[in-house]
Amino acid sequence: MRTEKIRIFVSSVQKELTEERRAVKEFILHDPLIRRFANRVFLFEDIPAMDRTADDIYLTEVEASDIYLGIFGNEYGWKNAEGKSPTELEFDHATKTKRERLVFVKGDDDKSRDPDMAKLVRKAGAQLTRRRFADTPALIREVYASLVEILERKGLLHTLPFDDSPCAGATLKDIDTAAIGDFVETAEAKGRLTLKGSRASKAVLQNFKLLRDDKLTNAAILLFGKDPRRFFNNIQVDCLHFFGTEKRKPIASQQSYEGRIFEVIDQAVEFVLGKLDRPVGTRAQSTQTPGDFEVPRSVITEAIVNAVSRMPRCRATRCWPNPSIASNSLRRLAPAPPT
């Protein structure tokens with residue numbers, strides 16, 4: 001899955017904060033993690049001379065960027081005819097165009113700031129959380145922490161367990177409401193669930209902790225999605241039948257299953273049971289002929305649930321569940337296997 005690189009606009013009084021501006025750009029473009037997501041950092045001093053006004057250039061660049069990164073020091077900078085500095089104009093334009101905004105304030109003593117800069121610091125503080133720093137290394141640490149938070153929120157960087165992470169682009173329209181109803185009915189019939197409150201799909205998903213910040217999690221799509229493959233193009237369970245007890249060719253038979261996790265598990269269980277002996281007994285204790293599998297169905301089901309629920313291998317921009325979702329959601333919701 002290709003991920004568009006993030007563009008960052010660095011705003012500050014150039015002369016006062018030259019070192020900090022340059023350090024931020026160098027850090028973003030060379031940090032092993034951040035550079036995977038950001039490939040352009042705009043500094044006004046890096047652009048060549050051209051037949052355009054400065055105001056036109058930097059406001060256009062703010063709007064073309066994904067993140068506005070403001071570094072506020074003591075100086076306010078030169079003012080235009082309206083009495084505003086480029087730094088404040090950039091901040092205001094980022095606000096107006098709904099850019100993601102990060103503001104870092106140098107020092108704790110606001111008394112030494114230019115009155116107009118102190119006013120800008122207060123304005124920014126009323127709209128978002130500012131982070132303060134004492135020197136360049138501290139600024140870099142704060143920038144790193146802020147960018148990681150943004151990447152997590154956008155779903156580009158996964159530090160949550162895979163099943164608990166929001167599923168990018170998924171909405172309630174992607175959920176099969178009938179599948180949720182069937183699951184609830186089956187689980188209640190087996191005594192594994194007593195559902196209280198609303199049985200609306202969203203309420204049930206919330207009850208099962210399959211919504212995070214009102215967004216569907218990966219587990220919600222894998223368990224109840226209409227078409228999980230739309231979001232995870234490599235989700236499947238492969239079942240292989242080998243001769244003997246060693247994994248080697250020739251393979252007697254094999255089958256791949258895709259779809260919702262519960263359905264895949266049922267199919268995998270039937271595959272395994274189809275390879276087991278099922279001796280037929282006598283009618284000594286019943287009018288029906290007993291035919292128990294050499295390994296009980298419940299044991300096979302438990303083994304497959306454990307295999308399917310292995311934790312996934314994840315990378316920052318893509319996850320490969322191996323073979324499907326993480327253990328918590330599946331084990332929490334799996335109905336009791338038939339005996």
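Please treat every number below as a calculation from the coordinates, not as lab data. Predicted model only: the values in this text are computed from it and were never measured. Reconstructed Cβ throughout: ideal geometry from the backbone, glycine too, with neighbour counts over all protein chains shown.
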inquiry  = For region 6-153, what does the relative contact order come out to in percent, with C-alpha contacts under 8 Å and a separation of six or more?
reply    = 26
query = lysines near Lys247 by alpha-carbon distance under 22 Å, same-chain residues fewer than 8 away left out - which ones?
reply = Lys275
ask   = Quick one: Glu294, Glu142, Glu88, fewest Cβ neighbours within 10 Å first, how do they rank?
value = Glu294, Glu142, Glu88
query = What percent does the relative contact order of region 94-186 come to when contacts are Cα pairs within less than 8 Å and at least six residues apart?
reply = 21
inquiry  = Straight-line reach from Lys154: which aspartates and glutamates fall under 15 Å, measuring Cα to Cα and dropping same-chain residues less than 8 apart?
reply    = Glu4, Asp66, Glu100, Asp164, Asp213, Asp214
request  = Could you give the size of the charge dipole of region 85-169 about its Cα centre, using +1 on the Cβ of each K and R and -1 on the Cβ of each D and E, expressed in debye and rounded to the nearest 20?
outcome  = 260
remark   = Computed D for region 6-153, Stokes-Einstein, Kirkwood radius over alpha-carbon pairs, 25 °C, 0.890 mPa s, to the nearest µm² per second, is 159
remark   = Computed from the beta carbon distance with a Förster radius of 25 Å, FRET efficiency for Arg248 and Phe293 to the nearest 0.05 stands at 0.50
ask   = Going by how many other Cβ atoms sit within 10 Å of their own, how do His30, His241, His93 line up, fewest first?
value = His30, His241, His93
message = For the pairs Lys96/Lys215; Lys5/Lys119; Lys79/Lys111; Lys98/Lys196; Lys190/Lys226; Lys25/Lys209, flag any whose C-alpha to C-alpha distance is greater than 29 Å.
response = Lys5/Lys119; Lys98/Lys196; Lys25/Lys209
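Based on the Cβ-Cβ distance from Arg40 to Lys173, what FRET efficiency comes out when R0 is 30 Å, to the nearest 0.05?
Values: r = 34 Å, r/R0 = 1.15.
Efficiency, from the Cβ-Cβ distance: 0.30.
In which sequence would Asp92, Asp213, Asp46 go, from the one with the fewest C-beta neighbours within 10 Å to the one with the most?
The order, fewest Cβ neighbours first, is Asp213, Asp46, Asp92.
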ask   = How far is it, in nm, from the label point at Asp110 to the one at Thr18 when both lie 7 Å from their Cα along the line to the Cβ?
value = 3.0
ask   = If we count every other residue with Cβ under 12 angstrom of Arg212's Cβ, Lys/Arg +1 and Asp/Glu -1, where does the sum land?
value = -2
remark   = The local net charge around Asp164, scoring Lys/Arg +1 and Asp/Glu -1 for residues other than Asp164 whose Cβ lies under 10 Å from its Cβ, equals +1
task = Treat each spin label as a single point 7 Å out from the Cα along the C-beta direction, and report the Leu29 to Glu302 distance in nm.
result = 5.9
key: Net charge of neighbours whose Cβ lies under 12 Å from the Cβ of Glu188, counting Lys and Arg as +1 and Asp and Glu as -1   = +2
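What FRET efficiency would be calculated for the residue pair Asn74, Asp213, taking the C-beta separation as r and a Förster radius of 35 Å, to the nearest 0.05?
Plugging the Cβ-Cβ distance into 1/(1 + (r/R0)^6) gives 0.40.
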ask   = For labels at Glu82 and Thr136 in the simple 7 Å Cα→Cβ model, what's the distance in nm?
value = 3.4
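Tell me the relative contact order for region 103-156 as a rounded percent, counting alpha carbon contacts under 8 Å between residues six or more apart.
The normalised contact order for region 103-156 reaches 43 percent.
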